[in-house]
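These notes are about the structure you will find just below.
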Amino acid sequence: MRDFDREEHLRLLDRAAELKRLRGTPEHPKPLADKSIAIVLEKASTRTRISFHVAAAELGAHAMPMTSKDLQIGRGEPLEDTARIFSRYVHCFVLRTFGHDRVETLAKYATIPVINALTDEYHPCQLLADLMTVREARNGRLDGMRVAWVGDGNNMANCWMESAAIFGFDLVLACPPSHRPHADIIARAKGTSDVSITFTDDVDAAIKGADVVTTDVWASMGQESEAIERQRIFKDYIVTEARMLRAKKDAIFLHCLPAHRGEEVEAAVIDGPQSRVWDEAENRLHTQKALLETLLAV
């Protein structure tokens, strides 16, 4: 998120809204004709794989989704070499992976744009879609709102902190003390500015007066062995219908998906009238179109 400033983010979100409006019309642009985009998935994916593939195709580019098993990195070829080789073949590298150091290494040695499609530390493409969804619900505004994050201090929580710093909205994170974001990530998000990012272990207090309530699964990919222990730790961190009543009447609920109904969120919430998760999932397509166009249409 920090690679773009506030105005650059707003231009990208405005463009995403325009591309959404133009989808399926003769006026929809194809500025990436003759471009090729590698989409490498080291973690399983539904929304990332499909939305990037479709986004590239609708912009006129050739997309190549693949897993690490399809490549020599699955057999130990260094990322440095992979970056050098792909830079000779394609115009953009989209990577969904585990450690954040992997995407940083790829970006260091590549001579083409590298997009972080998810790491254990950050999920910026999802946050772009979340912000677009919030703007749609709030007449284009991101400022002056209160966002409540409930659950694990994971990659999504980290990106929400970065977004709060960029746009200046209030963010309250209800996380167990043992599962808050790392101190260095909190410090990096806050920087030297007076950013309103606060923490609590009281879910009800976090949600009270919120414009946006958002959460994620308790055990992310790579944490399956911790699932039982995490269910114990997070058992009180559930977004329920009763808790949503503490938010503003026009508050919306977000979830990056996949969701575990009955764990981090009640089915009545995610499938209810305040839920915007399906708009949020669709908006992955439109924000990623705008991102690809921004990086490649030169």
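The values are calculated or read from the model by the stated rules, or taken from the named source; none is laboratory data. Predicted, not measured: the structure shown is a model, and the values here were computed from it. As a convention, Cβ positions derive from the backbone with ideal geometry for all residues, glycine included, and neighbour counts pool all protein chains shown.
A few remarks follow.
- Number of positions in segment 227-269 that are of a type in the set (A, V, I, L, M, F, W, C), assigned to a loop (DSSP other than H, G, I, E, B) and out of contact with any Lys or Arg (no Cβ under 7 Å at 6 or more places or on another chain): 7
- Within segment 6-63, if we keep just the residues that are in a helix (DSSP H, G or I) and of a type in the set (K, R), the residue that is nearest to the chain's Cα centre (by Cα) turns out to be R47.
- First in segment 228-244 and over 15 Å from R261 (Cα atoms), second anywhere and in a helix (DSSP H, G or I), Cβ under 6 Å, 6 or more apart: R243/I207; M244/V269
- Residues satisfying the stated conditions in segment 172-197, i.e. among the aliphatic types (A, V, I, L, M), more than 16 Å from the chain's Cα centre (by Cα) and closer than 24 Å to L13 by Cα: V172, V195, I197
- Matching residues in segment 103-136 - criterion: being over 19 Å from V217 (Cβ atoms), touching a residue at least 60 places away in the same chain (Cβ under 8 Å) and buried (at least 19 other Cβ atoms within 10 Å of the Cβ): I115, L128, L131, M132, V134
- Pick from segment 64-108, criterion over 15 Å from A44 (Cα atoms) and in a strand (DSSP E or B), ranking: farthest from the chain's Cα centre (by Cα): M64
- All positions within segment 247-268 that are within 16 Å of D211 (Cα to Cα) and in contact with an Asp or Glu (Cβ under 6 Å, 6 or more places away or on another chain): K248, A251, L254
- M145 being over 16 Å from V40 (Cα atoms), surrounded by 16 or more Cβ atoms within 10 Å (Cβ to Cβ) and under 14 Å from the mean Cα position of the chain (by Cα): no
- Residue that is loosely packed, with under 14 Cβ neighbours inside 10 Å and outside the structural domain of I166 (by TED's automatic domain parsing), where the choices are G99, G60: G99
- Those helices (runs of 4 or more DSSP H) of segment 118-212 in which at least 2 residues are within 23 Å of D3 (Cα to Cα), considering only elements entirely within it, cover 124-137, 155-167, 183-190.
- Which numbered condition S220 misses (of (1) assigned to a loop (DSSP other than H, G, I, E, B); (2) farther than 13 Å from D152 by Cβ): (2)
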